[in-house]
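The values are calculated or read from the model by the stated rules, or taken from the named source; none is laboratory data. Owing to the predicted nature of the structure, the values given are computational and were not obtained by experimental measurement. As a convention, Cβ positions derive from the backbone with ideal geometry for all residues, glycine included, and neighbour counts pool all protein chains shown.
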Amino acid sequence: MRPCRLLAVLILAAPVLGAQLPPLPPPSAPGDVTILADRVFDGAGHIARGPRRIAIAAGRVTATPQPGARVIDLRGYTVLPGWIDTHVHLESYFDAAGRIGTDTTPTPALLMGMADNAYRTLLGGFTTVQAVGDPADRILRDAIASRGLPGPRILTSLGWIVMHADSLDETSLRAMVRAKRDAGADLVKIFASTSQRVGAKPTFTEAQLRTLCDEARALGLRAMVHAYRSQVAVAARAGCSQVEHATYATAEEIAEAARLGTVISPQVGLVVQNYIANQDRYIGVGNYTPEGMQIMLRDLPLDFEVCRIAAATPGAKVVFSTDATAGAHGRNAEEFLGRVEHCGQRPVDALASANVVAAASLGMGDRLGRIAPGYEADLIALDGDPLTDLTAVRRVVFVMKGGVVYKWVGRPTTGR
Ligand SMILES: [Zn+2]
């Protein structure tokens, strides 16, 4: 076991055992750094070419290089703001038997799996993720934020809000949102449709969604809504912040969501392909059935179609997200290739969807998504130019988050 993984187990297992963990200084504090670069993506739509120095102090990008700063030479690579994935499931992991984990409490195995997923995601170039899967995300989020555990910055919904027979009146709906806030959630995730694997049927009504999303907004939380078919436009009209998947929605329904400013979050490049590749590890658990897998595979072209409609709608906020589950963590960048191949996005737009578009969707557009003074020093470097060869997104050679370097695998030096 690598030392940092062992550390992960120890740190993450402690709360389960009842120990209180005070914040600790991270094992490697961010120092002053000057990065030399000659190809830098601005996070929005442009790659600047030519010599440039990026100054970093106290974990943030600054206007002027600090004297005596450590120099990191990234010339010859493409430097980008760290990527943001707005929809991942870090709680989804393969257990010791190679099967999808089924833990309902934060067991050491689950927490180990989550730490592993987080580390892979970070090394894949993703310095911020929105984890919308499990109450245990809080343990991981806080260990990364306050103890220096290696992983992306995490925002979490601490699980989902789903329809219950006893949760239909306004007071109960508002209470469900408040309970998430009180537990420490950064956003809420609402299931407005059942899973695609069991029919993608509507659950909450527009009035109920408005109550949930209103309450979230009043508490300063964003509301992400899992929605298919007409529930996409319903969630948008209800004032919710972001709709996920959007499969089976019509062009008019997607256009309506776009017009209302709702962030649209389709997935085309990774999640279904990963389910199919690993189906033997999933089938037999929950609603993972052979039939469910076939529905996802059969309807993948419809996911592509939804993405194409959204991307072609003027003004639509099409954000980067993967819905990554076990087997997909660390390969989140595959979604960029899907966005271009299946959705018709230009490479530059696909890249921006994981930088400025994603940062804005999180309400963090003044801290994340760009390389500019005052922004978090979240930087990655690719071997290659993704605008001319998009497969460069698979070749992440450098990862810095908050001024700390987590990965730097430069070209081997030859000769001398
Ligand atoms: Zn999901």
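Examine the range 348-356 for a residue that is crowded, with 19+ Cβ neighbours inside 10 Å and either over 16 Å from the mean Cα position of the chain (by Cα) or more than 13 Å from residue 83 (Cα to Cα) (or both), and state whether such a residue exists. No, there is no match, as no residue in the range 348-356 is crowded, with 19+ Cβ neighbours inside 10 Å and either over 16 Å from the mean Cα position of the chain (by Cα) or more than 13 Å from residue 83 (Cα to Cα) (or both). I'd like the full set of residues that are surrounded by fewer than 24 Cβ atoms within 10 Å (Cβ to Cβ), of a type in the set (Gly, Ala, Ser) and within 20 Å of residue 362 (Cβ to Cβ), limited to the range 312-323. The answer is 315, 316.
Output the number of residues of the range 266-287 satisfying the condition of being within 16 Å of the ligand (Cβ to nearest atom) and surrounded by fewer than 17 Cβ atoms within 10 Å (Cβ to Cβ). Number of matching residues: 3.
Among residues of the range 221-265 being in a loop (DSSP other than H, G, I, E, B) and within 16 Å of the ligand (Cβ to nearest atom), the one that is nearest to residue 304 (Cα to Cα) is 247. Given the condition at pLDDT below 95, surrounded by fewer than 23 Cβ atoms within 10 Å (Cβ to Cβ) and within 16 Å of the ligand (Cβ to nearest atom), answer yes or no: does some residue in the range 146-153 qualify? Within the range 146-153, not a single residue is at pLDDT below 95, surrounded by fewer than 23 Cβ atoms within 10 Å (Cβ to Cβ) and within 16 Å of the ligand (Cβ to nearest atom).
Return yes or no: is residue 88 touching a strand residue (DSSP E or B) at 6+ places or on another chain (Cβ under 7 Å) and within 16 Å of the ligand (Cβ to nearest atom)? The answer is yes for residue 88.
Yes or no, residue by residue, for (1) without any contact (Cβ under 8 Å) to a residue 40 or more places away in the chain; (2) outside the structural domain of residue 313 (by TED's automatic domain parsing); (3) in contact with a strand residue (DSSP E or B) (Cβ under 9 Å, 6 or more places away or on another chain); (4) aliphatic (A, V, I, L, M):
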| residue | (1), (2), (3), (4) |
| --- | --- |
| 216 | yes, no, yes, yes |
| 221 | no, no, yes, yes |
| 234 | no, no, yes, yes |
| 241 | no, no, yes, no |
| 252 | yes, no, no, no |
| 256 | yes, no, no, no |
| 260 | yes, no, no, yes |
| 270 | no, no, yes, yes |
| 278 | no, no, yes, no |
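The set of residues in the range 259-307 that are out of contact with any helix residue (DSSP H, G or I) (no Cβ under 7 Å at 6 or more places or on another chain) and closer than 22 Å to residue 209 by Cβ comprises 259, 261, 265. The selection criterion, being within 16 Å of the ligand (Cβ to nearest atom), hydrophobic (A, V, I, L, M, F, W, C) and either under 30 Å from residue 390 (Cα atoms) or surrounded by 24 or more Cβ atoms within 10 Å (Cβ to Cβ) (or both), does not hold for residue 198. Here is a check on your reading of the model: is residue 322 touching a Leu at 6+ places or on another chain (Cβ under 6 Å), touching a residue at least 12 places away in the same chain (Cβ under 8 Å) and over 23 Å from residue 74 (Cβ atoms)? For residue 322, the condition - touching a Leu at 6+ places or on another chain (Cβ under 6 Å), touching a residue at least 12 places away in the same chain (Cβ under 8 Å) and over 23 Å from residue 74 (Cβ atoms) - is met.
Need pairs with beta-carbon distance below 7 Å; first residue without any contact (Cβ under 8 Å) to a residue 60 or more places away in the chain and within the range 85-101, second among the polar types (S, T, N, Q) and more than 10 Å from the ligand (Cβ to nearest atom); sequence gap 6+ or separate chains. Partner pairs satisfying both residue conditions: none exist.
Count of the range 385-412 residues, restricted to those that are aliphatic (A, V, I, L, M), part of a strand (DSSP E or B) and closer than 23 Å to residue 50 by Cα, is 4. Out of 339, 394, one residue alone is closer than 30 Å to residue 275 by Cα and surrounded by 24 or more Cβ atoms within 10 Å (Cβ to Cβ). It is 339.
Being assigned to a helix (DSSP H, G or I), within 16 Å of the chain's Cα centre (by Cα) and closer than 19 Å to residue 181 by Cα holds for only one residue in 141, 120, and it is 141. Taking the criterion of being in contact with a Ser or Thr (Cβ under 8 Å, 6 or more places away or on another chain) and either within 30 Å of residue 30 (Cβ to Cβ) or crowded, with 17+ Cβ neighbours inside 10 Å (or both), the residues of the range 164-180 that qualify are 173, 174, 176, 180.
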